[in-house]
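The values are calculated or read from the model by the stated rules, or taken from the named source; none is laboratory data. Predicted model only: the values in this text are computed from it and were never measured. Positions of Cβ are generated from backbone atoms using ideal geometry, with glycine treated the same way; all protein chains shown enter the neighbour counts. Just so you know, the surface numbers come from the protein's heavy atoms only, side chains and all, with ligands and any DNA or RNA stripped out. Shrake-Rupley method; radii C 1.70, N 1.55, O 1.52, S 1.80 Å.
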Amino acid sequence: MTDIGLARVGSVDALADTIRHAAAHDAPLRLVGSGTWLHGGSPFDGRSRLSLRALAGVVHYEPGDLVVTAYAGTTLAELDAITRAHGQMLAIAPYGSPESTLGAVVATGTHAPLAFGDLQVRDLVLGLASVTGTGEHIRAGGRVVKNVAGFDLVRLQVGAWGTLGAITEVTLRLHAVPDVDRVVVGTSTRPAATLLAALVENRAPIPMLVVRTPGSERQIWARISGNPARAAALEAHLAQLGVAALHPVTDVRPLHVVPDGARILRVRAPRAHAAALLDALEARYPHATLAWDPVRGTARVILPADLTHGVLDGDAEAQALSTQCGGTTVAVAIDQGRATVRRRTPLEQRVKHALDPRDILNRLGTP
Ligand SMILES: Cc1cc2nc3c(=O)[nH]c(=O)nc-3n(C[C@H](O)[C@H](O)[C@H](O)COP(=O)(O)OP(=O)(O)OC[C@H]3O[C@@H](n4cnc5c(N)ncnc54)[C@H](O)[C@@H]3O)c2cc1C
């Protein structure tokens with residue numbers, strides 16, 4: 001079957017018609033937002049792509065409620081321009097570009113570094129609408145925080161990578177833009193194990209990352225936000241934890257930059273073993289950029305393309321790292337550069353079949 005290129009839809013009805021037509025002709029669709037991360041996640045059948053970028057704009061926005069509903073093709077930058085005019089913001093700045101679309105950020109359950117209040121996208125989605133693989137338009141959740149009655153279909157779609165529905169609309173919780181909101185970077189004079197233990201135990205409400213770029217010492221990146229008194233107190237607390245030479249950084253893009261062809265691993269281990277994990281990661285991937293999150297105990301590992309480690313197998317990497325960490329459990333997910341498809345569990349297959357019986361939406365397989 002030839003690649004029919006990129007089709008575009010500008011309305012929910014047109015999307016539903018396109019999906020029904022694809023189902024009737026067994027022509028799987030690759031859903032596209034801004035197309036900045038089609039190489040992320042699992043390999044999908046990419047022969048016919050369907051762009052939802054034109055399905056954009058705000059549907060409903062009540063600044064007084066700190067809630068906004070927007071179409072899935074709206075970009076983070078477009079949303080930010082509208083909400084910031086009311087002194088409000090989305091608490092997360094996901095990895096990737098501000099051109100990322102809301103539908104994709106929700107579908108990928110995107111991780112965001114140094115998120116305000118350590119929130120992640122799944123904490124901010126109050127409701128969504130999507131079109132299933134049979135062309136049915138469904139709604140889940142609502143416009144208020146406590147709105148879930150019955151199955152929480154919102155959570156089902158967050159991180160489903162578009163395999164359970166093409167997201168058309170998203171309702172998000174917003175936050176007021178704080179008086180002070182800056183990122184600071186420092187280093188530590190304390191022994192690594194002591195510092196990491198301190199960050200795990202008494203990090204207070206400071207979103208943080210321990211970052212190591214090849215050839216440089218570990219740095220502690222932290223997000224300081226609130227009123228001036230709170231900001232000063234948080235920076236004093238950082239100093240107590242042993243973080244020194246604190247200085248503000250205006251450009252956090254270095255946290256987002258991923259060289260072309262690079263692979264991204266997400267490595268998780270119990271936080272009590274943080275020091276062993278970071279040592280093991282630095283030994284196993286000396287040329288990688290690492291960012292370890294003390295809240296979740298996860299490390300993002302960016303492996304440059306030219307220093308290939310061959311075909312990466314997450315389980316084999318997890319086993320090797322576990323051995324280097326003295327046998328503690330380590331889990332490895334490949335967020336970018338995955339060559340193999342993970343088999344769905346029987347329950348996942350039944351859920352997929354219920355919402356997309358012809359496996360039309362983001363069919364797993366060779367790109
Ligand atoms: C260089 C780079 C690094 C990144 N690193 C990470 C990372 O480490 N961790 C992480 O979690 N995220 C990461 N992201 C992802 C990012 O934050 C966003 O998820 C993504 O960029 C979305 O932008 P997009 O609109 O271009 O999506 P696209 O690239 O168009 O789509 C991304 C995925 O979402 C699906 N999709 C798009 N729109 C919809 C929709 N309306 N309904 C259902 N499915 C849809 C697509 O099929 C595709 O699988 C990275 C992105 C980039 C560009």
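Expressed in nm to one decimal, what extension gain is obtained for the pair Asp26 and Asp152 from 0.36 nm per residue of sequence separation less their Cα-Cα distance? Walk me through the intermediate numbers first.
On the way: separation 126, 0.36 × 126 = 45.36 nm, distance 2.94 nm.
Contour length minus the Cα-Cα distance gives 42.4 nm.
Once the chain from Val295 to Thr213 is taken as fully extended at 0.36 nm per residue, the excess over their C-alpha distance is 27.5 nm.
Quick one: what do you get for segment 258-336 if you divide its Cα Rg by 2.2 N^0.38 Å?
On the way: Rg = 11.5 Å, N = 79, 2.2 N^0.38 = 11.6 Å.
With N residues counted in segment 258-336, Rg over 2.2 N^0.38 Å equals 1.00.
Of the accessible area of the chain, computed with a 1.4 Å probe over protein heavy atoms only, carbon and sulfur atoms account for 55 percent.
What you get for the chain, charging only the Cβ of Lys and Arg (+1) and of Asp and Glu (-1), is a dipole of about 460 debye around the Cα centre.
Work out, in µm²/s and without decimals, the Stokes-Einstein translational diffusion coefficient of segment 1-159 at 20 °C, 1.002 mPa s, Rh from Kirkwood over C-alpha pairs. Walk me through the numbers before you get to the answer.
Working: Rh = 16.6 Å.
Estimated via Stokes-Einstein, D reaches 129 µm²/s.
Could you do me a favour and compute the accessible area per residue for segment 180-252, 1.4 Å probe, result in Å²?
On the way: 3330 Å² over 73 residues.
Per residue, segment 180-252 has an accessible area of 46 Å².
Electrostatic bookkeeping for Val32 treats Lys and Arg as +1 and Asp and Glu as -1; over the other residues with beta carbon under 12 Å from its beta carbon, the sum is +4.
Segment 268-282 and segment 1-67 have their alpha-carbon centroids 39 Å apart.
Relative to the longest principal axis of the Cα atoms of the chain, helix 192-202 runs at roughly 60 degrees.
Scalar couplings 3J(HN,Hα) for segment 322-331, obtained by applying the Karplus form with A = 6.51, B = -1.76, C = 1.60 to θ = phi - 60°, are 4, 4, 5, 9, x, x, 5, 5, 10, 10 Hz; x denotes Gly and Pro.
Can you give the net charge of the other residues whose Cβ lies under 11 Å from the Cβ of His353, counting K and R as +1 and D and E as -1? Intermediate results must be reported in sequence, preceding the final value.
Details: positive: Arg344, Arg350, Lys352, Arg358; negative: Glu348, Asp356, Asp359.
Summing Lys/Arg as +1 and Asp/Glu as -1 gives +1.
Among the GluC sites (Glu not before Pro) found in segment 61-142, those both in a DSSP coil and sparsely packed, with 13 or fewer other Cβ atoms within 10 Å of their Cβ, are Glu136.
Pairwise Cα separations in segment 180-252 fall into 5 Å bins from 0 onward with the following percentages, short to long: 3, 16, 30, 27, 15, 6, 1, 0.
At a Förster radius of 35 Å, what calculated FRET efficiency corresponds to the Cβ-Cβ distance of Thr345 and Ala244, to the nearest 0.05? Walk me through the numbers on the way to the answer.
Details: r = 47 Å, r/R0 = 1.35.
Efficiency, rounded to the nearest 0.05: 0.15.
Between Asp179 and Ile82, the modelled label-to-label distance comes to 3.0 nm, taking each label 7 Å out from Cα in the direction of the beta carbon. The distance from the alpha carbon centre of segment 287-336 to that of segment 80-105 is 28 Å, rounded to a whole number. Calculated FRET efficiency, Ala236 to Asp17, Cβ-Cβ distance, R0 = 51 Å: about 0.30 to the nearest 0.05.
So, by mean Cβ neighbours within 10 angstrom, what's the order for 88-98, 150-160 with the highest one leading? Write down the numbers at each step before the final one.
On the way: 88-98: 19.9, 150-160: 16.9.
Descending mean neighbour count gives 88-98, 150-160.
What are the trypsin sites (Lys or Arg not before Pro) within segment 305-361 that DSSP puts in a loop, where the Cβ has at most 15 other Cβ atoms within 10 Å?
Numbers: sites: Arg338, Arg342, Arg343, Arg344, Arg350, Lys352, Arg358; in loops: Arg338, Arg342, Arg343, Arg344, Arg358.
Taking segment 305-361 and a limit of 15 other Cβ atoms within 10 Å, the loop trypsin sites (Lys or Arg not before Pro) found are Arg342, Arg343, Arg344.
Remark: spin-label model distance Val252-Ala320 equals 3.2 nm, labels positioned 7 Å along the Cα→Cβ axis. For segment 258-336, the per residue solvent-accessible surface stands at 42 Å², with DNA, RNA and ligands left out and a 1.4 Å probe. If a/c stays under 1.5 just call it rounded; otherwise compare a/b with b/c (prolate if a/b is bigger, oblate if not). Do that for the chain, with a ≥ b ≥ c from the square roots of the Cα gyration tensor eigenvalues. Since a/c reaches 1.5 but b/c is at least a/b, the shape of the chain is classed as oblate. So what is the calculated 222 nm ellipticity per residue for the chain, using -39500 (n - 2.57) for each DSSP H run with n of 4 or more, over all residues, to the nearest 500 deg cm²/dmol? About -7500 deg cm²/dmol.
Quick check: net charge around Ala77, other residues with Cβ under 12 Å of its Cβ, Lys/Arg +1 and Asp/Glu -1? If you can, show how the numbers build up before the last one.
Working: positive: Arg84; negative: Glu78, Asp80, Glu99.
Surrounding charge for Ala77 is -2.
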